[in-house]
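Read-outs: derived from the displayed coordinates by stated rules, not from any lab. All of these numbers come straight from a predicted model, not from anything done at the bench. Virtual Cβ from ideal backbone geometry, glycine too; neighbours counted across all protein chains shown.
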Amino acid sequence: MYLAPAMETILIKVDAIKPQKKLIKKAAALILKGEVVAFPTETVYGLGAMGMDASCASKIYEAKGRPSDNPLILHISDLQQIHTLANGIPLEALLLADAFWPGPLTLVLVKKAQVPNSTTGGLDTVAVRMPDHPVALALIEAVGEPLAAPSANTSGRPSPTAASHVMHDLEGKIAAILDGGSTSVGIESTVVDFAHGFPTILRKGGITKKQLQSVLPNIEDAAVDHAHHSPGTRYKHYSPSARLTILPLDGAPLLNLLRKELNAGNKIGWIGPGCPDPDNMIWKYLPNEAEAYAKAFFGLLRELDDLKVDHIVVEPIEEEGLGEAVMDRMRKAAGV
Ligand code: TXA
Ligand code: MG
């Protein structure tokens with residue numbers, strides 16, 4: 001049987017603040033040739049290809065192993081590009097764009113016919129975001145059209161916050177990775193739906209509800225029966241290979257169980273401010289702050305997986321501000 005050789009994935013180290021033009025051009029040339037290239041954004045690394053070309057978007061789904069009905073976000077570098085993607089954009093959406101772009105906010109709008117169905121997973125809506133990262137903005141500009149980009153992880157794995165995470169998941173499957181160091185926010189953008197009546201939050205993320213309400217006081221979380229407008233919420237997400245448990249209010253029964261697991265020779269990982277048994281567990285310290293959790297959480301899940309732990313325990317944080325998005329990801333990683 002003939003096996004096609006795996007593609008070589010080249011790592012292009014680039015200055016995150018002043019990206020070298022030559023390196024951006026090299027990555028853009030690959031994308032313009034129809035290849036898939038990973039790049040840093042302020043939230044997580046994205047897996048970019050030409051979003052207005054159906055076959056390029058399909059390559060993204062293939063590399064990630066992503067279900068084809070889960071739509072992609074189109075990334076723009078200039079506000080004017082939004083008008084090439086969406087029809088009948090409500091004033092409120094433009095107000096949010098004005099307040100938070102570039103930044104971790106994605107707007108779901110009624111799509112224009114020219115946006116391929118394979119990019120939007122067959123939906124008649126399109127998700128648009130302007131990322132706040134010099135490398136991402138330079139790359140979109142060099143390509144000259146919107147980049148479709150989901151998070152650059154294998155489907156179901158924690159989102160990548162460093163180039164090494166992308167390499168781990170996608171080496172041999174994509175043409176290149178632009179390495180701009182660690183991402184600053186660490187969890188994905190907030191997704192707001194403007195295509196189904198009054199605006200609702202489909203996915204919590206880097207812009208908090210309070211920030212959104214400072215511009216649009218009536219914005220609310222989507223009701224559960226509205227969440228089907230975001231197919232991504234249906235799929236298993238952010239999962240480490242190890243079992244993950246969120247420390248309950250009364251931790252005593254869990255601590256008893258962990259003692260038994262340790263006695264049986266299992267490896268336990270602990271994420272949070274206060275590990276009860278740092279001599280016997282692998283402790284990844286985090287201060288009790290939402291920003292620190294957001295920035296480090298996905299990377300720590302990957303680190304503990306690499307250490308082959310059997311069970312990860314995470315201390316929860318207050319569900320307030322950015323803590324809402326952190327707890328959402330934590331629950332999804334725990335499968336609860
Ligand atoms: O921060 C982010 O948003 C990162 C960076 C790379 O920009 N991207 C990201 O993409 O997280 P992805 O594909 O992993 O998650 C996009 C989410 C999914 O839950 C998807 O279902 C939803 O946005 N989405 C995309 N297009 C949509 C649409 N037309 N309607 C509703 N939801 C949509
Ligand atoms: Mg994702």
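Being more than 17 Å from G65 (Cβ to Cβ) and over 13 Å from the mean Cα position of the chain (by Cα) is the filter here, so list the residues in the stretch 144-174 that pass it.
G144, E145, P146, L147, A163, S164
Can you find a residue in the stretch 168-185 that is within 11 Å of ligand 1 (Cβ to nearest atom), polar (S, T, N, Q) and touching a Pro at 6+ places or on another chain (Cβ under 7 Å)?
Yes: the stretch 168-185 contains one or more residues that are within 11 Å of ligand 1 (Cβ to nearest atom), polar (S, T, N, Q) and touching a Pro at 6+ places or on another chain (Cβ under 7 Å).
Please pick out the residue among V108, V44 that is within 16 Å of ligand 2 (Cβ to nearest atom) and outside any loop (DSSP other than H, G, I, E, B).
Being within 16 Å of ligand 2 (Cβ to nearest atom) and outside any loop (DSSP other than H, G, I, E, B) holds for just one of V108, V44, which is V108.
Any chance the stretch 314-327 includes a residue that's β-branched (V, I, T), under 28 Å from V166 (Cβ atoms) and out of contact with any Phe, Trp or Tyr (no Cβ under 9 Å at 6 or more places or on another chain)?
No, because not a single residue in the stretch 314-327 is β-branched (V, I, T), under 28 Å from V166 (Cβ atoms) and out of contact with any Phe, Trp or Tyr (no Cβ under 9 Å at 6 or more places or on another chain).
For the subset of the stretch 140-154 comprising residues that are away from ligand 1 (no atom under 12 Å from the Cβ) and not in a loop (DSSP other than H, G, I, E, B), which member is surrounded by the most Cβ atoms within 10 Å (Cβ to Cβ)?
V143
Residues being within 18 Å of P150 (Cα to Cα), outside any loop (DSSP other than H, G, I, E, B) and not acidic (D, E): count how many of those fall in the stretch 177-200.
Residues that pass the stated criteria total 5.
Among the candidates A175, A136, single out the residue that is hydrophobic (A, V, I, L, M, F, W, C), within 16 Å of ligand 2 (Cβ to nearest atom) and under 25 Å from R302 (Cα atoms).
A136
For the stretch 66-89, enumerate the residues that are of a type in the set (G, A, S) and within 22 Å of the chain's Cα centre (by Cα).
Scanning the stretch 66-89 gives S68, S77.
Tell me which residues, restricted to the stretch 244-272, are in a loop (DSSP other than H, G, I, E, B) and surrounded by 15 or more Cβ atoms within 10 Å (Cβ to Cβ).
Of the stretch 244-272, the ones in a loop (DSSP other than H, G, I, E, B) are 247-251, 264-267.
L247, K267, listed by residue number.
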